[in-house]
Amino acid sequence: MEELHNLRELSHRSRERIKNLGEVFTPEHYVEQMLDILSEGKKGFWGEENNIFFEPTCGHGNIILPIVQRRLEGLYKKAQSKKIKNPELYAVANTINTIWAIDIDEENIELCRERVFSVFFYFIMDKRKVGIEDLLDSEFDFFVHLLCAIKWHIYENEALSSVSVDEDEAECSSRQTKLSWNWYNKNGFNPIDFSQSWISYFKDCDSKDLEPIEYGRAEKYLNNFLKGSKQGLSHFKFTKKAFTSPLNFEGQLNLEVI
Ligand SMILES: C[S@@+](CC[C@H](N)C(=O)[O-])C[C@H]1O[C@@H](n2cnc3c(N)ncnc32)[C@H](O)[C@@H]1O
């Protein structure tokens with residue numbers, strides 16, 4: 001039987017997942033305390049565009065979500081004070097392009113993307129106070145980039161090898177746990193380049209007159225969505241909840257049927 005869980009309060013899903021993945025989620029109040037310590041005495045920390053955040057084992061997002069929320073607030077305030085046009089879009093774009101969140105488990109990545117996308121989507125909806133079609137229509141290109149950026153910055157990878165300097169070190173690091181080693185044997189070395197955000201990658205491609213495959217896919221998916229078709233949804237499943245229940249913000253953000 002399906003059960004309704006509050007993802008923020010859920011500390012684990014099953015004994016099996018604790019054993020296989022070490023999956024125990026950090027409660028919200030601990031995350032908030034950690035983030036308070038991180039930013040203590042650093043004025044303007046959350047609104048600083050040059051700060052980047054790395055969550056090496058993001059799970060379904062219990063640490064990344066409060067970071068996203070603080071970044072949105074900080075960057076939005078800063079954009080407003082500098083009279084930057086569309087401060088809500090500025091905040092979302094700078095938040096996603098400065099976060100790297102990885103996890104070895106595909107299911108967790110999908111959930112994390114879904115929760116982060118919901119926060120962004122409702123943040124923009126709340127500031128704009130328009131319907132979903134109008135919003136997507138007027139900010140079509142922005143949303144195409146947002147969908148790509150979510151996939152670029154939140155993705156499946158292995159923590160120990162991904163921060164290694166070369167393949168020898170990556171192999172050696174990933175041998176530290178059976179889980180990491182199995183993943184590494186299957187997927188190989190995927191180093192993270194923290195200087196290559198989605199938007200810098202897109203600009204690189206653009207300067208060579210190239211279009212990233214993901215960009216074309218996102219464009220098609222959103223066009224189809226606006227025409228009432230679900231074609232292309234399989235690549236962007238993480239948008240489904242936010243797009244299909246735009247009025248149920250709290251429910252979409254916090255509650256999941258798993
Ligand atoms: C203790 S949970 C923490 C999740 C999240 N950070 C939180 O605080 O709620 C550990 C997570 O690490 C992931 N994991 C385990 N080994 C990993 C590895 N070598 N690389 C990346 N992720 C890994 C698991 O899938 C699980 O989601």
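The values are calculated or read from the model by the stated rules, or taken from the named source; none is laboratory data. This structure is a prediction, so every number in the text was calculated from the model and none was measured. Reconstructed Cβ throughout: ideal geometry from the backbone, glycine too, with neighbour counts over all protein chains shown.
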The one condition in (1) in a helix (DSSP H, G or I); (2) without any contact (Cβ under 8 Å) to a residue 40 or more places away in the chain that Gln176 fails to fulfil
(1)
Of all the helices (runs of 4 or more DSSP H) wholly in region 112-169, which have at least 3 residues that are away from the ligand (no atom under 14 Å from the Cβ), under 18 Å from the mean Cα position of the chain (by Cα) and closer than 20 Å to Ile192 by Cα?
140-153
Scan of region 165-179 for residues that are surrounded by fewer than 19 Cβ atoms within 10 Å (Cβ to Cβ) and not basic (Lys, Arg), ordered by number
Val165, Asp166, Glu167, Asp168, Glu169, Glu171, Cys172, Gln176, Thr177, Leu179
Go through region 181-228 and count every residue that is of a type in the set (Gly, Ala, Ser) and in a loop (DSSP other than H, G, I, E, B).
4
Would it be correct to say that Ala101 is assigned by TED's automatic domain parsing to the domain that holds Glu28, modelled with pLDDT of 95 or more, touching a His at 6+ places or on another chain (Cβ under 8 Å) and within 15 Å of the ligand (Cβ to nearest atom)?
yes
Of the residues Asn187, Asn182, which single one is surrounded by fewer than 17 Cβ atoms within 10 Å (Cβ to Cβ) and farther than 28 Å from Asn97 by Cβ?
Asn182
In region 125-153, how many are crowded, with 17+ Cβ neighbours inside 10 Å and either without any contact (Cβ under 8 Å) to a residue 12 or more places away in the chain or outside the structural domain of Ser245 (by TED's automatic domain parsing) (or both)?
1
